[in-house]
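These notes are about the structure you will find just below.
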Amino acid sequence: MSFLEVTAQLSKGFLTTLQIFGITLAGALPLGLLITFGSMSKIKPIKWIFKVFVWIIRGTPLMLQIILVFYGPGLIGWDIKIDRLLAVIVAFIINYACYFSEIYRGGIESIPKGQYEAGQVLGMTKSQIFFKVVLFQVVKRIVPPMGNEIITLVKDTSLARVISVIELVKSAQDIISQKSLIWPLFYVGAFYLLFSGLLTILLNYAEKKLNYYQG
Amino acid sequence: MAFLEVNGIFKRFGKTEVLKGIDFTMDKGEVLAIIGSSGSGKTTLLRCMNFLETPDAGRIVLNGEELFNADGKYSDREIREKRLHFGLVFQSFNLFPQYTVLRNVCLAPELMKINQSEKKLSRAEKTQIRKEIEENARQILASVGLSDKLMNYPCELSGGQQQRVAIARALAMEPVILCFDEPTSALDPELTGEVLKVIRELKTTDRTMIIVTHEMGFARSAADKVIFMADGIIEEYGTPEEVFGNPKSEKTVSFLEKSLENIT
Ligand SMILES: Nc1ncnc2c1ncn2[C@@H]1O[C@H](COP(=O)(O)OP(=O)(O)O)[C@@H](O)[C@H]1O
Ligand SMILES: [Mg+2]
């Protein structure tokens, strides 16, 4: 198998990896905010439902959650055919939304009370205080921890192979077992390094941009 | 009739009674200094007047209009409108770190006049309002001596400069009564002067002010009336000459003695 053929096959896997990555991010970023609001709700039962949910998701392996989403409905007698990739993406979005929600919550809670009070005595509404005063400061504070999670997500996408979604690692594994080649494994590593390297540069840039003020 | 009338304010946090019946009145253009040891309820009183805390009992009447009555119920919107009669300058400045000095001062007036506007504004009208607000902000910032810092961020300023921005920001909302909660307590001693000077200058413009302070010299020379608070009540009230020169209460005497010791 030539270098070009391997590249073509790995690229196909990489496309799936990218798909999982992109859709998870697009779904989990807003869903996480919703979970944050839920877990900070003043209504106690709502708050606790969200907190327990986040605890369960964060306390169990993502691999288990993928398996559950894919096989679960069938096991309780639901006769539906779930697309493998869809099952992976659903599990990923829920899982990452929970992690993101905790980061958002930490960010929101780290904003000093004085910022809200300053807005209040200046006659701002609650939503004006959130959107015009607090939100930007939260974003600045959460970019570094969010960056860590996003880099982790790049690598976590390889968990999709547990239900035979052919992402990057799986496509390399197939080559290795069929053609007895070892080097595609290192080649795959290069794919990941390039991707996460690019993201790191992007995140560092964002962090730098936001660092025009301290605090 | 008094300009401001504060009547029987009670406030408790859980089991602790922090304010135990506060009554006082103020005339227009008067400067009132509130002194007292820490924990006596000075901050809580200012926070009640700015609706950051809700008193358990009492009334606040401004210019004949009842702003607050503990028996009443007020919506968020009503509270927002009522608290605009008062401005509050915090001990810790609480500037918005992501905005420039100028933006810090313009933000709230813009949000009020443009975003909370009852009628739909045309683009030209909005631009006009923004221009007026900015012009006004520049003037106020000039009056507190910060014309050369308009485009700086709060983190680039000294504490004294930050507090002057905070004063400008409060003034931009044109409060009827401006309250200060220990405006110089977070500052290095060499920076308190510039902030006190700004407050003195406001006095010459006949601005009604309530100033909680530990600066006894300042209270004595700048205030028209002085309140000494102890344990949630007004222990002594009078002109600076009366309170500092001829205190009637034991507690006032011993408080003043202690604060003199601290100075020397
Ligand atoms: N939000 C609060 N919850 C509970 N206790 C409070 C709260 N705010 C103030 N207190 C208590 O009220 C008392 C008076 O506080 P404060 O008004 O800050 O006094 P001062 O400004 O004169 O130092 C203190 O004993 C303080 O611990
Ligand atoms: Mg205080």
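The values are calculated or read from the model by the stated rules, or taken from the named source; none is laboratory data. Bear in mind the structure is a predicted one, so any value in this text is a computation, not a measurement. Virtual Cβ from ideal backbone geometry, glycine too; neighbours counted across all protein chains shown. For the accessible areas, the whole protein counts, side chains as well, though only heavy atoms, and no ligand, DNA or RNA atoms are used. Shrake-Rupley method; radii C 1.70, N 1.55, O 1.52, S 1.80 Å.
Quick notes
- Pairs, first closer than 10 Å to residue A:57 by Cβ in the stretch A:90-107, second charged (D, E, K, R) and in a helix (DSSP H, G or I), C-beta under 6 Å, six or more apart: A:98/A:58; A:99/A:149
- Filter pass, residue A:33 being farther than 30 Å from residue A:184 by Cβ and open to solvent by less than 70 Å² (accessible area, probe 1.4 Å): yes
- From the list B:145, B:160, the one residue that fits, being part of a loop (DSSP other than H, G, I, E, B), under 20 Å from the mean Cα position of the chain (by Cα) and either at pLDDT below 95 or not β-branched (Val, Ile, Thr) (or both), is B:145.
- Cβ pairs under 6 Å, 6+ apart, first in the stretch B:205-234 and under 13 Å from residue B:256 (Cα atoms) and touching a residue at least 40 places away in the same chain (Cβ under 8 Å), second open to solvent by 10 Å² or more (accessible area, probe 1.4 Å) and among the small types (Gly, Ala, Ser): B:216/B:259
- In the set (1) outside any helix (DSSP H, G or I); (2) over 17 Å from the mean Cα position of the chain (by Cα), the condition left unmet by residue B:217 is number (1).
- Test result for residue B:55, more than 16 Å from ligand 2 (Cβ to nearest atom), within 29 Å of residue B:131 (Cα to Cα) and either in a loop (DSSP other than H, G, I, E, B) or open to solvent by 20 Å² or more (accessible area, probe 1.4 Å) (or both): no
- Here the condition is being under 21 Å from residue B:97 (Cβ atoms) and away from every other protein chain (no Cβ under 14 Å); of A:106, A:123, it holds for A:106 alone.
- Matching residues, the stretch B:198-223, being under 24 Å from residue B:84 (Cα atoms) and open to solvent by 50 Å² or more (accessible area, probe 1.4 Å): B:200, B:201, B:203, B:204, B:205, B:206, B:207
- Taken together, B:46, B:84, B:95, B:32 contain a single residue that is away from ligand 1 (no atom under 13 Å from the Cβ) and within 29 Å of residue B:256 (Cα to Cα), which is B:32.
- Residue within the stretch B:185-197 that is under 15 Å from the mean Cα position of the chain (by Cα), surrounded by 22 or more Cβ atoms within 10 Å (Cβ to Cβ), under 19 Å from residue B:38 (Cα atoms) and hydroxyl-bearing (Ser, Thr, Tyr) present: no
- Test: residue in the stretch B:88-101 that is more than 10 Å from chain A (Cβ to nearest Cβ) and touching a residue at least 24 places away in the same chain (Cβ under 8 Å): yes
Listed here are the residues, each with its yes/no results for (1) at pLDDT below 95; (2) open to solvent by less than 50 Å² (accessible area, probe 1.4 Å); (3) part of a helix (DSSP H, G or I).
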site	(1), (2), (3)
A:71	yes, no, yes
A:87	yes, yes, yes
A:99	no, no, yes
A:118	no, yes, yes
A:133	no, yes, yes
A:155	yes, no, yes
A:160	yes, yes, yes
